[in-house]
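To start, the structure under review is shown below, and the notes come after it.
The values are calculated or read from the model by the stated rules, or taken from the named source; none is laboratory data. Since we're looking at a predicted model, the values are computed, not measured. Positions of Cβ are generated from backbone atoms using ideal geometry, with glycine treated the same way; all protein chains shown enter the neighbour counts. Calculation scope for accessible area: heavy atoms of the full protein, side chains included, ligands and nucleic acids excluded. Shrake-Rupley method; radii C 1.70, N 1.55, O 1.52, S 1.80 Å.
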Amino acid sequence: MNARVLAALTGLLCSVCAMSGQVDTPDIASEHAERGVQSAQAGDLVRAEAELRRAVELAPENASYLTSLGGILGMEQKLEEANVYFERAVKCDPADPTPRRNLAANQWRLGQLNQAQANLERLLRAQPQDKVATLLLGMVSENEKNYARAAKLLATVPELVEQRPESVAALANSYYQTGRRERAHDLLEGLLGRPASSQGIYAAAGVAAQARDYGIAEKLFESIQSSYPDKEALEYNLALIQFRTERVAESQKTLLDLVNTGRAKSAAYNLLGWCYAKENKPGEAVHAIENAIRLDPSNESNYLDLTTILMDNHRLVAALEVARKAVEAFPQSGAAYRAKGMVEMKMDQFTDAVRSYGQAVGLEPKSVDAKVGLASANWGAGKRAQAEAQFQSLLKEHPSDATAYESYGSSLLNGATDAAMLGRAAALLKKAVELDSSRAEPHYQLGILELKKSAADVSPDSMRQALAELQNAVKLGLSDSRVHYALARVYRRLGRENEAASEMQLYKELKATEENPGQTPGGT
Amino acid sequence: MRWAAMLLLALLMCSIGPVRRTDSVSAAQEFFTDVTAQAGIHWRHFSGESQEKYLIEAMGGGVAFFDFDRDGREDLLFLTGGETPKSKGPAPPLNALYRNTGDGKFEDVTAKSGIARLPFYGMGVAAGDFDNDGYPDLFITGYPSSALLHNNRDGTFTDISEKAGVKNVGKWGASAAWFDYDRDGRLDLFVANYAKFSYEDGPHCDYQGMRTYCAQVAYEGERPTLYHNNGDGTFTDVTEQAGLGKLIGRALGVVAIDADDDGWPDLFVARDASPNLLLVNQHDGTFKDVALDAEVALSADGTARAGMGVDAGDVNGDGRPDFVVTDFNDETHALFLNSGKSPYREWTRESGLAALTRSFVGWGIHFIDFDNDGNLDLVLVNGHINQVIEKTRVDVSYNEPPLLLANNGKGVFRNVREQAGAVFRNRYLGRGLAVGDYDNDGGVDVVFTRLNEAPILLHNNVGHLKTWIGIELQGTKSNRDAIGAKLTLRCGARKLVRWITGGASYLSSHDQRVIFGLGEAPTSPVRLEIRWPNGNTQAVTRLKLNQYQTIVEQASGPELLRNTTTSRLAPWYIIDAN
């Protein structure tokens, strides 16, 4: 993470290096080195580089000159070349921690995390109190997603971390990732009102947003509204947070303000489209995402989002048209073929869906979604034996993937013509729940299964089981009409008439909305 | 003639048993034989199919078994579709009225009848004696209007729609049902209207550049129409007053029957991608839709299926009417068991219907005890609507076979296609289906229509091999057709319950006589209890086996029983009811 942090850090280290460099006196090399460092301090990196190159030419074994030149090159983003000089410096003076620290920093910037880590660990073995090395190793660990170690290391150098919002962001991220949400939140809150670079704050806000700690993220973004140079990105992020926190109208207003300034980019139009979709304004949603495509025809997700919105609004013909354009524009994209397959499935064009998902599997041989889609499409096309074989092989290849079990089980349940099929469906759906109990759909399907099983003989036990499954599905976020219809049926069988009536009412309201997307529940 | 009556009564005691027929069907003989050509039926349906793919082209047409000339033989009426703005036939498309000449043949009497051409695109038919004059009249549905044809008792019909006020103007009428919802002794009329439709600005759909029929959801649903019979040749549209005005949806099939056994006729309406309706008669001229609570409106996941045809009958011998509905492929045709309390039990999978109908799009359907074993079997026709379906599915075809499904008495069905006859092994675009015993032999025959093809008349070869009792009811206080009557026949421990329903199947009308199949010769006395549409009850014991008898409604006192038509094999009894 955080190239900007690194740049600053490298600069700092260079300064340290320059100040403590061993200059051979009195010779010309020393003079060049001196002038180089002074130029760097004055911000004239070009001159600094020239002077230090001359110094290195004259004294090629001088670790200090080599380190300084590497530092200047690093500041100029010439990272590969910088690495060469840092490595030469380390070779010249392996015992000096400064060249190695700079080499490690540069390796980190180059993404050579293993090498950076090895050098930093060596430094810390030699000098456990090396705070800069500790800070750097913390940053490297965060990049390596070793969040526990990153948090531990960064927490030991709070004074260095606090100086850089980027480091604060890294530590906060490590806390979020290790479940210490409050500590992360407090840490980020500490950035508010403190003078810091707006880029660093922006990065920290991004970490909070990613961790869905939207409150602090929004405050951080707002704190740099006057200073952050990329207004469009900032406003977009604010709108995104508003959208994610269900303040759709606010988000829409933020985005429309952005649109009115003429600065809105493709992503803003895309988000505006989703706002309209949430507000059941499919026409406006489609128009906004069409604008997003116009502004950035190379962004595949715009096509996929438009396909989804059209599909959700039952505009299947239009959705298919967009999906076709997506596969034309992105012929190597498995996601585009999957989207096309999904629409074709919705339109009962199963053999076409088999072809689309077949393409997707070819492009993404490891994608479970593509393979599940292919098996489901074959099932829909009536090639049940082939579909079953594909599902079976999916289960073998991905024994821990709940999706495969869920899809296979749902297919069997929906096509069940006998008790044996119901039994197989039940086993698969239970396995899906066992693998991932956070998925609502298999709980719903298991609830329905109990209802289907008990058509002949309603037993209170099976209805209680159905109720538990359906309630789980609701808890896990399933909120469409189906689940409330099923709940009404179960309550009725359990003699809980009032609850049955209220679920049935909910079903009717939701169903009306689903069938007329422009209408909100309750008809308001 | 009391002695004669007593002698007959003795003869009819089940312990004596019926006269056994001497003929039999060889093991190899099929249950049904296609007799269309030999019966002299050459009419063809015309849908007006065009490149425009108007949905209406794919939906017709209806057929009726009815005895228009009251000669005791069921005649046939076939409804054509018609021309559309984009399609003209080589000759004007005509409906067809065939008179049953009694020798297994039918005579085309269309020209004289006044039925040949109607000023709208034809869909379905409901035969009913709305004026109680003893002759069945016809209500013919279509778009953009419908027609009531009064039977003039001379082989002709007069269109009285305008005066009667039943033109159903602007609506696409599908199935219709005659029934007496207020029990005033006069048949009222329910029209299942399908969708808002226009030749001018309909939706357009295609598949890979080929124009196709749009799915039904592309069309906004319509409300049904309920006409109250005023008794003076006119009707009043009481849809709103009856509480039906808000029931917008794509209705296609309807059957009128007393579902809750309270003596008042209710309605089951099959709707296409709209929730089915179960309209319970509130005894005050209004209806309440209880389909959602009864769990007959939707599939298990709360989705409306594509309901087309519907019928009601007791499939498991518990004396209550169950409902069967034809649906789209994958949805499976649905069977709902009536346990006497809400909700109904969906019995589709357990009955075998799920497995038997998964690949089919079903239309006309009727319960029929084809082998007179006392169990209500099922006959139904299928046929897809999507002409390119075979490009998208390997297990679903455009033309589809009709099905004859034998009931084991417990509501479990098996496909008897191998014995059923060649027709059941072929594939068609079946649509309307009607049942009736056109040769009065006690075996219920079947006729069905095919889109843009000739209909198929199937003669039942096996019904007459078992013992049966045929009943024709004649209402006096109740409507003359006795639509709404419940008939309970008891023989020893066995009880068979049948109803005279209004509507049923898809776009079609049926022989209103009831046949009780008794299987082998009964060994106990047979007793029939009738609950007439107006609620009066009547018991009849002097029933003759293997023939039809007419029972006239009486307010009180002994039943009036006389035979009307005879089986080809049973003796012709003459009974003096006095």
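Among residues other than A:Ala233 with Cβ under 11 Å from its Cβ, the summed charge is 0 (Lys and Arg +1, Asp and Glu -1). Scanning residues 5 or more positions from B:Gly249 or on other chains, those with amide H under 5 Å from its amide H are B:Glu222, B:Arg223, with H placed 1.01 Å from N in the peptide plane. The listed residues A:Glu31, A:Glu57 rank as A:Glu57, A:Glu31 when sorted by accessible area, largest first, using a 1.4 Å probe.
Solvent-accessible surface of chain B, taken per residue with a 1.4 Å probe and all protein chains present: 33 Å².
Its DSSP H runs of at least 4 residues, each contributing -39,500 (n - 2.57), put the calculated 222 nm mean residue ellipticity of chain B at -1500 deg cm²/dmol, to the nearest 500.
When the residues A:His32, B:His384 are ordered by accessible surface, computed with a 1.4 Å probe over the protein chains alone, the sequence from largest down reads A:His32, B:His384. Phi angles across the range A:341-350 convert, under the Karplus curve 6.51 cos²θ - 1.76 cosθ + 1.60 with θ = phi - 60°, into 3J(HN,Hα) values of x, 5, 5, 4, 4, 4, 8, 6, 8, 5 Hz, Gly and Pro given as x.
The heavy atoms of B:His283 offer some 90 square angstrom of accessible surface to a 1.4 angstrom probe. Both chains summed, the buried accessible area for B and A stands near 2400 Å², from protein heavy atoms and a 1.4 Å probe.
For GluC sites (Glu not before Pro), the sites in the range A:224-307 that DSSP calls loop and that have at most 12 other Cβ atoms within 10 Å are A:Glu246. A dipole drawn for chain B from +1 and -1 charges on Cβ atoms has a positive end, and of B:Asn168, B:Phe68, B:Val254 the residue lying farthest that way is B:Phe68.
Heavy-atom surface analysis with a 1.4 Å probe gives the protein assembly as shown a carbon and sulfur content of 50 percent of its accessible area.
Checking every one of the trypsin sites (Lys or Arg not before Pro) in the range A:152-248 against DSSP loop status and a limit of 14 other Cβ atoms within 10 Å picks out A:Arg212.
In the context of the full set of protein chains, the range A:404-524 has a per residue accessible area of 43 Å² (1.4 Å probe). Per residue, the solvent-accessible area of the range A:145-229 (1.4 Å probe, heavy atoms of protein chains only, all protein chains present) comes to 46 Å².
Amide H contacts for B:Phe32 (H built 1.01 Å from N in the peptide plane; partners 5 or more residues away or on another chain; cut-off under 5 Å): B:Gly421, B:Asn461.
For the range B:320-345, the residues whose amide N sits under 17 Å from a probe point set 7 Å from the Cα of A:Glu497 along the beta carbon direction are B:340-344. Model label sites at B:Arg425 and A:Ser298, defined 7 Å from Cα along the beta-carbon direction, differ in position by 6.5 nm. For A:His398, the accessible surface of its heavy atoms amounts to roughly 40 Å² (probe 1.4 Å, protein chains only, rounded to the nearest 10).
Working note: Karplus 6.51/-1.76/1.60 with θ = phi - 60° gives the range B:397-409 the couplings 10, 6, 7, 9, x, x, 10, 10, 10, 8, 9, 7, x Hz, where Gly and Pro are set to x.
Annotation: the antiparallel percentage among DSSP beta bridges lying fully within chain B is about 95.
In terms of accessible area, using a 1.4 Å probe and ignoring ligands and nucleic acids, B:Met308, A:Met421, B:Met210 rank largest first as B:Met210, A:Met421, B:Met308. For the range B:318-354, accessible area lost to neighbouring protein chains reaches 10 Å² or more, against the chain alone with a 1.4 Å probe, at B:Asp330, B:Pro343, B:Arg345, B:Glu346, B:Trp347, B:Arg349, B:Glu350, B:Ala354.
Comparing the full protein assembly with the isolated chain, the residues of the range A:483-512 losing at least 50 square angstrom of accessible surface (1.4 Å probe) are A:Tyr485, A:Arg492. A cut-off of 5 Å between modelled amide H atoms, ignoring neighbours fewer than 5 places along the same chain, links B:Asp129 with B:Asp137, B:Asp481. Comparing each chain alone with all protein chains together (probe 1.4 Å, DNA, RNA and ligands left out), the residues of the range A:405-451 losing at least 40 Å² of accessible area are A:Thr417. Rg and Dmax of the protein assembly as shown, both derived from C-alpha coordinates alone, stand at 40.0, 154 Å. Do you know the relative contact order of chain A, to the nearest whole percent, from alpha carbon pairs under 8 angstrom that are 6+ apart? Relative contact order for chain A comes out at 5 percent.
Within the assembled protein chains, the solvent-accessible surface assigned to B:Leu118 is about 30 Å², based on a 1.4 Å probe. The label point for A:Lys231 and the one for B:Glu529, both projected 7 Å from the Cα toward the Cβ, are 8.7 nm apart. Between the range A:314-362 and the range B:365-428, the alpha-carbon centres lie 35 Å apart.
Per-residue Karplus couplings for the range B:129-134, computed as 6.51 cos²θ - 1.76 cosθ + 1.60 with θ equal to phi - 60°, are listed in order as 8, 5, 9, 6, 9, x Hz, Gly and Pro entered as x.
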